[in-house]
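Visitor: There's a structure below that I have some questions on.
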Protein chains: 2
Amino acid sequence: MDELDSAIVRELQRDARQSNRDIARKVGVAPSTCLERTRLLRERGVIRGYHADITPSALNRGVQALVSVQVRPLSRAVIDAFKAFAHGLPEVTAVFVMAGNDDFVIHVSAQDNDRLHAFLVDRLSQRKEIVGFRTSIIFQHLAKHDPAPLPGA
Amino acid sequence: MDELDSAIVRELQRDARQSNRDIARKVGVAPSTCLERTRLLRERGVIRGYHADITPSALNRGVQALVSVQVRPLSRAVIDAFKAFAHGLPEVTAVFVMAGNDDFVIHVSAQDNDRLHAFLVDRLSQRKEIVGFRTSIIFQHLAKHDPAPLPGA
DNA sequence: CCGTTCTGCCGAACAACATTCGGTGCGACG
DNA sequence: CGTCGCACCGAATGTTGTTCGGCAGAACGG
C-alpha cells in the first residue's frame, strides 16, 4: 500500500468508471502497470467492489430511517441470527452491530411512511429476541464517497 | 424508468466496472441502446456516480462510530451550518439529518480509539451550538450495495 | 566488488471495447 | 390510411483493456 496504490484507490473512489488509461495518466505510470496494481488491490481485498450510486427515490425508497434495536439474550447465537435476519430483509440497506445502549442500528428505506410502518410492525417486531427498538426518520443523508485522507496518516 | 432502466441500474449497482457490452447482453439489448440509456440515467440524476468500495482498514480507518448530536437553537441557520461543518471534516464519512430526539447522526471513522477520542473532544465538542452528543462504537458494518427490489414495488 | 536473481515497470501488439450515426420498424396520432 | 416521432439496431472507427517479452534497478551472495 504505497503512494501509487493510494493514488489509484483515490481515483477509483472518485469515479470507478473512468478508463484505466486515464487513471494511469493521472497517477503517472503506464497503463499496464496501473492495471496490474488494480488487479492486486482487488486480490488483496483492498478494493471490495465497484458500485453505482443511485438516487433512493428512483428505487422507490423515498423514506429512510435509522432503527436502534436491543436484543436479549446477548449471546453470539442471538446476535448472529438477528444480524443475518436483518441483512436479508429487502428494506434494510445497512446493519450496524454496536457497542453501547443499542445492540444494532439498522438503516431502513421504504416507499412511503405506510410501508415503513408496516415493515416495522409486521417484520421487525415479530422477532422474539427484540426487547425494544426506536425508529428515527432520516430527513437528509449526506454520504462521502470520496473521503479526504485523515490528517495524521 | 421502465424495466430496462431498472435492469441496467441493477447491473451497475452490482458491478460498476463491467463493460457496456456485458450489461447490454445481460439485459437483452444492443450495446448502443444500453449506452444511450445509461447516459440518460446519468443525465436525469438517477445515477449519481460510480465509486470503488474500499476496506476501511486500508484507509487507516479501523475504528468507526455513530455520534448522535443535539444542537440548539433548532433554526435552519444552525442546522445548515452544523451540517456543512460536519460534512467538511475528514473523519466524517456520512451525515444524517434526523427527526426525533437527535438532530444529527454522524458516521465517523478514525485510525484508532485515541484519534477518535481526540476528534470528538478537539473538533466536535468545540462547536457551541452542540448541547449534547452520544458516541457509540461500531463493531461491524454490513452495507448492502446491491439491494433486492422492494416487495410491493 | 562483481555476478546473479528477483521484482516492478514499460511499450508494443492484438483483441475487445466505447461511441457515433444513418437507417429501420413500430406505435401514436391525425 | 398516411405521416410523424421515438426507440432501437448494426456497422464503422477510434479508443481501450489485456497480455507478454524485455529491461533496469534493487537485493543478495560470493
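Visitor: Would the range A:56-138 count as rounded, prolate or oblate if I go by the C-alpha gyration tensor, calling it rounded below 1.5 in a/c and otherwise prolate when a/b exceeds b/c, oblate otherwise?
Guide: Prolate, since a/c reaches 1.5 and a/b exceeds b/c.
Visitor: Leaving out ligands, DNA and RNA, what percent of the accessible area of the range A:1-131 is carbon and sulfur, probe 1.4 Å? Display every interim value, and only then the final one.
Guide: Values: 3100 of 6280 Å².
Within the range A:1-131, the accessible surface is 49 percent carbon and sulfur.
Visitor: Could you tell me which of B:Val95, B:His145, B:Gly132 has its Cα farthest along the dipole of the protein assembly as shown towards the positive end, charges placed at Cβ (Lys, Arg +1; Asp, Glu -1), taken about the Cα centre?
Guide: Working it through, the farthest residue towards the positive pole turns out to be B:His145.
Visitor: If we count trypsin sites (Lys or Arg not before Pro) as exposed when they sit in a DSSP loop and have at most 13 other beta carbons within 10 Å, what is the longest stretch of chain A that avoids them all? If you can, show how the numbers build up before the last one.
Guide: Working: sites that count: A:Arg44, A:Lys128.
Between the exposed loop sites, the longest stretch runs A:45-127.
Visitor: Let me check against my output: what whole-number percent is the relative contact order of chain A, with C-alpha pairs under 8 Å and at least 6 apart? Mind dumping the intermediate values first?
Guide: Working: 160 pairs, mean separation 38.0, N = 153.
For chain A, the relative contact order is 25 percent.
Visitor: Accessible area per residue of the range A:3-43 at 1.4 Å probe, in Å²?
Guide: Values: 2260 Å² over 41 residues.
Heavy-atom accessible area per residue stands at 55 Å².
Visitor: Could I ask something else about it? Specify the residue with the greatest mean-square fluctuation among A:Asp22, A:Asp103, A:Asp112, computed from a Gaussian network of chain A linking alpha-carbon atoms under 10 Å apart.
Guide: Of A:Asp22, A:Asp103, A:Asp112, the most mobile in the Gaussian network model is A:Asp22.
Visitor: Axis carrying B onto A: which residue of B has the nearest Cβ, and how far, whole Å?
Guide: B:Ala16, 2
Visitor: How far, in nm to one decimal, is A:Ser19 from itself in the other copies if the label point is set 7 angstrom along Cα toward Cβ? Shortest first, please.
Guide: The projected label point of A:Ser19 is separated from its counterparts by 1.4 nm.
Visitor: How charged is the neighbourhood of B:Leu40? Take every other residue with its Cβ under 13 Å from the Cβ of B:Leu40, and add Lys/Arg as +1 and Asp/Glu as -1.
Guide: Values: positive: B:Arg37, B:Arg39, B:Arg42, B:Arg44; negative: B:Asp2, B:Asp5, B:Glu36, B:Glu43.
With Lys, Arg at +1 and Asp, Glu at -1, the neighbours total 0.
Visitor: Where Lys and Arg each count +1 and Asp and Glu each count -1, what net charge lies around A:Val95 among other residues with Cβ under 10 Å from its Cβ?
Guide: Around A:Val95, the surrounding residues sum to +2.
Visitor: Tell me, what is the 1.4 Å probe accessible area of A:Ser125, in Å² to the nearest 10?
Guide: Here the residue's solvent-accessible area equals roughly 60 Å².
Visitor: Under a GNM of chain A (C-alpha, springs under 10 Å), which listed residue has the highest mean-square fluctuation: A:Leu142, A:Leu89, A:Leu116?
Guide: A:Leu142
Visitor: Under unit Cβ charges (Lys, Arg +1; Asp, Glu -1), what dipole magnitude, rounded to 20 debye, does chain A have relative to its Cα centre? If you can, show how the numbers build up before the last one.
Guide: Working: 21 positive and 18 negative charges, 38 e Å.
Here chain A has a charge dipole of around 180 debye.
Visitor: Quick check: residue separation of A:Arg25 and A:Ala99 times 0.36 nm, minus the Cα distance between them. What number comes out in nm?
Guide: That works out to 22.2 nm of additional length.
Visitor: Here's a follow-up. From Cα coordinates alone, what are the radius of gyration and Dmax values for the protein assembly as shown in angstrom?
Guide: 20.4, 58
Visitor: For B:Leu4 and A:Arg14, FRET efficiency with R0 = 30 Å and r from the beta-carbon atoms, rounded to 0.05? Mind dumping the intermediate values first?
Guide: Working: r = 28 Å, r/R0 = 0.94.
That gives a FRET efficiency of 0.60.
Visitor: Give me the net charge of A:Val63's neighbourhood, meaning all other residues with Cβ under 13 Å from the Cβ of A:Val63; Lys, Arg count +1, Asp, Glu -1.
Guide: Working: positive: A:Arg61, A:Arg115; negative: A:Glu91, A:Asp112, A:Asp114.
Residues near A:Val63 contribute -1 overall.
Visitor: Also, I was wondering about something else. Cα-Cα pairs above 12 Å in the range A:3-43: how many percent? Before the final figure, lay out the partial values.
Guide: Numbers: 411 of 820 pairs.
Counting pairs separated by more than 12 Å, the tail of P(r) holds 50 percent.
Visitor: Given a 1.4 Å probe and no ligands, DNA or RNA in the count, how much accessible surface is buried by A and B, both sides, to the nearest 100 Å²?
Guide: On the way: alone 10570 and 10540 Å², together 15160 Å².
Chains A and B together bury approximately 5900 Å².
Visitor: Let me ask something else about it. With the label 7 angstrom out along Cα to Cβ, how close does B:Asn113 come to the same site in each of the other copies, in nm, nearest first?
Guide: Once sorted, the set of distances for B:Asn113 reads 4.2 nm.
Visitor: Here is a follow-up. Label 7 Å along Cα→Cβ of B:Phe139; the range B:49-77 residues with amide nitrogen under 17 Å?
Guide: Once the point is set 7 Å along Cα→Cβ of B:Phe139, B:63-66 turn out to lie under 17 Å by backbone N, inside the range B:49-77.
Visitor: Here's something else I'd like to know. If a/c stays under 1.5 just call it rounded; otherwise compare a/b with b/c (prolate if a/b is bigger, oblate if not). Do that for the range B:100-153, with a ≥ b ≥ c from the square roots of the Cα gyration tensor eigenvalues. Mind showing how you got there, number by number?
Guide: Working: a/c = 3.66, a/b = 1.73, b/c = 2.12.
Note, shape of the range B:100-153 comes out oblate.
Visitor: Is the shape of chain B best called rounded, prolate or oblate, per the rule: a/c under 1.5 gives rounded, else a/b larger than b/c gives prolate, else oblate, with a ≥ b ≥ c the square roots of the Cα gyration tensor eigenvalues?
Guide: On the way: a/c = 2.84, a/b = 2.03, b/c = 1.40.
Because a/c hits 1.5 or more and a/b exceeds b/c, chain B counts as prolate.
Visitor: Would you be so kind as to list the residues of the range B:74-97 that have their accessible area lowered by at least 10 Å² in the full protein complex compared with their chain by itself (1.4 Å probe)?
Guide: Buried on complex formation: B:Lys83, B:His87, B:Pro90, B:Glu91, B:Val92, B:Thr93, B:Ala94, B:Val95, B:Phe96, B:Val97.
Visitor: Something else now. Only Lys, Arg, Asp and Glu count, each charged at its Cβ (+1, +1, -1, -1), so figure out the dipole size of the protein assembly as shown about its Cα centre, rounded to 20 debye.
Guide: Values: 42 positive and 36 negative charges, 41 e Å.
My answer is approximately 200 debye.
Visitor: What is the dipole size for the range B:56-138, taken about its Cα centre, with +1 at each Lys and Arg Cβ and -1 at each Asp and Glu Cβ, in debye to the nearest 20? Don't skip to the end; give the middle numbers.
Guide: Values: 9 positive and 8 negative charges, 33 e Å.
That gives the range B:56-138 a dipole magnitude of about 160 debye.
Visitor: Calculate, for A:Leu150 and A:Asp122, the FRET efficiency according to 1/(1 + (r/R0)^6) with r their C-beta to C-beta distance and R0 45 Å; round to the nearest 0.05. Don't skip to the answer; put the middle values down first.
Guide: Numbers: r = 42 Å, r/R0 = 0.94.
After rounding to 0.05, the efficiency reads 0.60.
Visitor: Any idea what the A:Ala84 label distances to the other copies are, label 7 Å down the Cα→Cβ vector, nm, shortest first?
Guide: Result for A:Ala84, in nm, nearest copy first: 4.8.
The values are calculated or read from the model by the stated rules, or taken from the named source; none is laboratory data. None of the values given here were measured: they were computed from a predicted structure. When we count neighbours, we look across all protein chains shown, and the Cβ atoms used for this are built from the backbone with ideal geometry, even at glycine. Accessible surface areas use protein heavy atoms only, side chains included; no ligands, DNA or RNA. Shrake-Rupley method; radii C 1.70, N 1.55, O 1.52, S 1.80 Å.
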